[in-house]
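Novice: The structure under discussion is supplied below as structure tokens; questions concerning it will follow.
The values are calculated or read from the model by the stated rules, or taken from the named source; none is laboratory data. This one's a predicted model, so the numbers in the text were calculated from it and none came from an experiment. Cβ placement follows ideal geometry from the backbone for every residue including glycine, while neighbour counts extend to all protein chains displayed. Please note that ligands, DNA and RNA were not included when accessible areas were found on the heavy atoms of the full protein model with its side chains. Shrake-Rupley method; radii C 1.70, N 1.55, O 1.52, S 1.80 Å.
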Amino acid sequence: MSQSIFSAFPTVKYEGEESQSELAYRYYDADKVVLGKPLSEHLRFAVAYWHSLAMNGSDPFGGPTLQRPWMLDGDAMRAARSKADAAFDLFRILDLPFFTFHDRDVAPEGDSLKDSLKNLQMMGDYLAEKMSTHKTKLLWGTANLFSHPRFMAGAATNPDPEVFAWSATTAKHCMDLTKRLGGANYVLWGGREGYETLLNTNMAQELDQLGRFLTLVVDYKHKIGFEGQILIEPKPKEPTAHQYDFDVATVFGLLKRFDLQDKVKVNIEANHALLAGHSFEHEIATAAALGLLGSLDMNRGDPLLGWDTDQFPNDFRAITMAMYHVIQAGGLGKGGLNFDAKVRRQSFEPEDMIHAHVGAVDLCARAFLVAAKIVEDGRYAQMLKERYSGWQTAQAQSMFKGELTLDEIASATEASEINPKPRSGKQEQLENFLGRMIL
Ligand code: XUL
Ligand code: CO
């Protein structure tokens, strides 16, 4: 078996809160049964091939700092194989159930579409072989329809139909591979599906193109009998000035417009929520309310920076409330928690990659345990229920269910003596209560 930069590291184990080891799980006890099932089944953690294997630490002001051996190899296919060897070593060390990938993360671009698809096919064989001897499964696959210059004016929303056709072909092959590798979901992130200036943009045309593309993807999923979910990953901006999949609510509008609201769900990324001016829990609660909750990308931004820093999560309070809303929504189903996050450019040692994941896994596990405690305790849910209890009366229910018209409500209300009194929203009390649960 070939050696990789990760081969020498032992598998990270659950050692409990008392552990003295830096590379141990203190809270992620995969088999611990909480709310009726093991933590591993609630959380369905995934390592992101893109950030963990393909990123090289460069930023707009400086070149690569993570000089992985496969990045220095002139033979692109040999490099892709050694990258895959390192990836599966990393999956083995972290002992997490899933991984995620873009086509370009796992297989190099070729000189033509045909060559690129051939590379993908060959690396698909290689991944299938690796998966047969490792326990890591595929949470989702996706196509990178944003990096290459051909996508600079969009993929599905490109003014050039040849780019649309190229993108559709690529998505077809990526879905085929995702199905072949047993993927639980297929993700569409529209990196360049938006505009940089309205001056050169026919928005109505571009939205219709996007709708056509989504419909084609959904139809193809049924045609090949792919059982996974199709997910759209909202993001408001970056790289474009405005993206059409701005946030969960915007995606819902798009899906309704193309009659796809029952066929597509969302993959919500924490920092994309922040960039849209929302909190992560807001986006999760919105998706839950609209029946769209699919999967989560766990990362964080820096509130002081207006761009996507893709850092590993470390905000315990925010993740606890995110997990609370996930539990309230009935869980993630086929989705999971994908670490769409990268180490900082000074963290170039292979060990830094392991520290980053171990800390993030433990943070999410601990947050989930606290969220489960809040659910089991029941007092918070009860406080919320009481706030809406007035809606349980027969009169209120007939309004709510649409049994009364506006004028019927008006005449009943005018004939009554009702005089609503302001009631406290109890925000501080709730914040204190949740603060105590979290500590
Ligand atoms: C980009 C991003 C992507 C998607 C998949 O901000 O989050 O990695 O998750 O294309
Ligand atoms: Co993401």
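Novice: Considering only protein heavy atoms and a 1.4 Å probe, what is the carbon-and-sulfur percentage of the accessible area of region 381-438?
Specialist: 56
Novice: Here's something else I'd like to know. Angle check, please: helix 76-94 long axis (alpha carbons) against the longest principal axis of the chain (alpha carbons), in degrees 0 to 90, nearest 10.
Specialist: 50
Novice: A further question follows. Quick one: what are the phi-derived ³J(HN,Hα) couplings along region 148-156, Karplus 6.51/-1.76/1.60 with θ = phi - 60°, whole Hz, x for glycine and proline?
Specialist: After applying 6.51 cos²θ - 1.76 cosθ + 1.60, I find 5, x, 4, 8, 4, 9, x, 9, 5 Hz.
Novice: Follow-up question, since we're still on this one. Just add up the charged neighbours of Q229: K/R +1, D/E -1, any other residue whose Cβ is under 11 Å from the Cβ of Q229.
Specialist: Once all neighbours under 11 Å are counted, the net charge is +3.
Novice: Which residue fluctuates the most in the chain, going by a Gaussian network model with Cα springs under 10 Å, if the choices are M323, M123, M203?
Specialist: The residue with the greatest mean-square fluctuation here is M203.
Novice: Here's something else I'd like to know. Which value results when the Cα radius of gyration for region 192-264 is divided by 2.2 N^0.38 Å?
Specialist: On the way: Rg = 13.0 Å, N = 73, 2.2 N^0.38 = 11.2 Å.
So region 192-264 has a normalised radius of gyration of 1.16.
Novice: Looking only at the chain, where both bridge partners belong to it, what percent of the DSSP beta bridges are antiparallel (to the nearest 5)? List each step's numbers first, then the result.
Specialist: On the way: 6 of 34 bridges.
Once the DSSP bridges in the chain are tallied, antiparallel ones form about 20 percent.
Novice: Around A204, what is the net charge, scoring Lys/Arg as +1 and Asp/Glu as -1 over all other residues with Cβ under 15 Å from its Cβ?
Specialist: Overall, the nearby charge balance is -1.
Novice: Which of the three applies to the chain, rounded, prolate or oblate, going by the alpha-carbon gyration tensor with a ≥ b ≥ c and a/c under 1.5 meaning rounded?
Specialist: Oblate, since a/c reaches 1.5 and b/c is not below a/b.
Novice: Can you compute 3J(HN,Hα) from phi for each residue in region 31-37, using the Karplus curve 6.51 cos²θ - 1.76 cosθ + 1.60 with θ = phi - 60°, rounded to whole Hz and x for Gly and Pro?
Specialist: Karplus values, whole Hz, x for Gly and Pro: 8, 4, 8, 10, 6, x, 8.
Novice: Counting only the heavy atoms of the protein chains, how much of D302 is accessible to a 1.4 Å probe, in Å² to the nearest 10?
Specialist: 50
Novice: What residues qualify as long-range amide H neighbours of Q229, i.e. H under 5 Å apart, gap of 5 or more or another chain, H built at 1.01 Å from N?
Specialist: Result for Q229 returns N185, Y186.
Novice: Where Lys and Arg each count +1 and Asp and Glu each count -1, what net charge lies around V218 among other residues with Cβ under 12 Å from its Cβ?
Specialist: +2
Novice: Next question. Filter the trypsin sites (Lys or Arg not before Pro) in region 351-404 to those in DSSP coil with at most 12 other Cβ atoms within 10 Å of their Cβ, and list the result.
Specialist: On the way: sites: R366, K373, R379, K385, R387, K401; in loops: K401.
Qualifying residues, ordered by number: K401.
Novice: Amide H neighbours of N267 under 5 Å, at least 5 residues apart or on other chains, H built in the peptide plane: list them.
Specialist: I232, E233, S295
Novice: Next question, about the same structure. Using alpha carbons only, how many degrees (0 to 90, rounded to 10) separate the axis of helix 113-133 from the longest principal axis of the chain?
Specialist: 80
Novice: Separate question: GNM on the chain, C-alpha springs below 10 Å: top fluctuator among S389, S416, S398?
Specialist: S416
Novice: Give the accessible surface of region 355-439 per residue, rounded to a whole number of Å², with probe radius 1.4 Å and ligands, DNA and RNA excluded.
Specialist: Result: 71 Å² of accessible area for each residue.
Novice: Now for a different question. Beyond 25 Å between alpha-carbons counts as too far, so tell me which of K237/K334; K223/K265; K373/K426; K235/K256; K118/K334 fall in that bin.
Specialist: Working: K237/K334 27 Å; K223/K265 19 Å; K373/K426 21 Å; K235/K256 18 Å; K118/K334 29 Å.
Beyond 25 Å: K237/K334; K118/K334.
Novice: What are the ³J(HN,Hα) values, in whole Hz, obtained from phi via the Karplus relation 6.51 cos²θ - 1.76 cosθ + 1.60 with θ = phi - 60°, for each residue of region 178-193 in sequence order, with x given for Gly and Pro?
Specialist: Result, rounded to whole Hz: 4, 5, 4, 8, x, x, 8, 8, 10, 9, 10, 10, x, x, 10, 7.
Novice: When the helices in the chain are scored as -39500 (n - 2.57) per DSSP H run of 4 or longer and the sum is shared across all residues, what 222 nm value do you end up with, to the nearest 500 deg cm²/dmol?
Specialist: Counting only the DSSP helices, I get -14500 deg cm²/dmol.
Novice: I would also like to ask the following. List the residues, sorted by chain then number, that are 5 or more residues from D340 or on another chain and whose placed amide H is less than 5 Å from its amide H.
Specialist: M298
Novice: Go ahead and set up a Gaussian network model of the chain, Cα springs under 10 Å, then flag whichever of N338, N202, N299 fluctuates most.
Specialist: N202
Novice: Round to the nearest 10 and give me the degree value, 0 to 90, for the angle of helix 248-257's Cα axis relative to the longest principal axis of the chain.
Specialist: 90
Novice: Applying a 10 Å radius around every beta-carbon, put 98-110, 23-35 in order of their mean neighbour count, most first. Show your work: numbers first, answer last.
Specialist: Working: 98-110: 23.5, 23-35: 17.2.
Result, highest mean Cβ count within 10 Å first: 98-110, 23-35.
Novice: Right, next: So if each residue of separation counts as 0.36 nm, and I subtract the Cα-Cα distance between L304 and H148, what length gain in nm does that give?
Specialist: 53.2 nm
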